[in-house]
Amino acid sequence: MSVIYIMWLRELKRYVRSRAQIVASLGQPILYLVALGYGLSPVFQKAGQGNYIQFVAPGIIGMTILFSAVFSGAGLLWDRQFGFLKETLVAPAPRIQVMLGRTLGAATVAVIQGLLVAIVCLLVGFRPSDLSMIPIALVFMLLIASLFAALGTAIGSALQNIQGFQMIMSFLVMPIFFLSGALYPLRNLPTVLGVVVRLDPLAYGIDGLRTALIANSVYGFTIDAIVLVLGATLVLFIGNRLFSKIQV
């Protein structure tokens, strides 16, 4: 049996067994949807931007995928601490297969959590503008998950303890989320902020989701997909280099 499949299946089993994680993963998205979706909706409508829940729902789905995927790096650190990673790495299999299996498993889990949040969005009033575009939205969900699961693996491979990972979350992942346009439109931004947003890969993932779900595009499908694919490829390469240097 392929090492990639084994590691992928292990990540899925760990997620399914953690019922608390499944429930907890819905808490923050629901808070954003209810507090911001309903709270800012009148302001958003007065500004002539339409229904805020329609606008913010793709951003909340992207946020859920981001946090779930990056947090896979914490799982890598826990495996290192409790010795499971050592048992895996001494197996007669290329490390790149182990890394790819973990990354794909984390990406799959992130997409599942994104789908759960999408169901919550439907319950609070979100409606896709074109049902035929849902497969395209799923593709963008997978691209976002792959990119940031690879980032989580790279971060987890480079760090030695969970405390360092928490600092990375505060100083890297939160800015990635808040600068992605998940909560606000990307048009007519100040020049400096506009430049910074264009450097944020999640901005292209959120834009791709919005294009597919509500036909609201800033960069376009092609640019969104190219940036995400190139970003995922680059981070996978870096993650593989860092993962291969882990000392057992």
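The values are calculated or read from the model by the stated rules, or taken from the named source; none is laboratory data. This structure is a prediction, so every number in the text was calculated from the model and none was measured. Don't worry about glycine lacking a Cβ; one is built from the backbone with ideal geometry, like all the others, and counts go over all protein chains shown.
Just a few scattered comments:
- Residue match in region 202-214 (condition: in contact (Cβ under 8 Å) with a residue 24 or more places away in the chain, of a type outside the set (Ser, Thr, Tyr) and surrounded by fewer than 18 Cβ atoms within 10 Å (Cβ to Cβ)): no
- Just one of (1) exposed (fewer than 13 other Cβ atoms within 10 Å of the Cβ); (2) at pLDDT 70 or above fails for Asp79. It is (1).
- So Asp224, is it farther than 21 Å from Val109 by Cβ and touching a Phe, Trp or Tyr at 6+ places or on another chain (Cβ under 8 Å): yes
- Residue within region 216-229 that is in a helix (DSSP H, G or I), over 19 Å from the mean Cα position of the chain (by Cα), at pLDDT 90 or above and over 21 Å from Val117 (Cβ atoms) present: yes
- So Leu147, is it at pLDDT below 90 and surrounded by 14 or more Cβ atoms within 10 Å (Cβ to Cβ): no
- Selected residue (criterion: nearest to Ser41 (Cα to Cα)) from residues of region 215-234 that are touching a residue at least 40 places away in the same chain (Cβ under 8 Å) and out of contact with any Pro (no Cβ under 7 Å at 6 or more places or on another chain): Asn216
- Unmet criterion (only one of (1) in contact with a Ser or Thr (Cβ under 6 Å, 6 or more places away or on another chain); (2) crowded, with 19+ Cβ neighbours inside 10 Å; (3) more than 14 Å from Phe71 (Cβ to Cβ)) for Leu100: (1)
- One residue from Gly152, Gly194 being free of Cβ contacts under 8 Å to residues at least 24 places away in the same chain and on the phi < 0 side of the Ramachandran plot: Gly194
- Test: residue in region 49-65 that is part of a helix (DSSP H, G or I) and either over 25 Å from Phe177 (Cβ atoms) or at pLDDT below 75 (or both): no
- For region 9-20, a tally of residues being among the hydrophobic types (A, V, I, L, M, F, W, C) and either modelled with pLDDT of 75 or more or not in a helix (DSSP H, G or I) (or both) returns 2.
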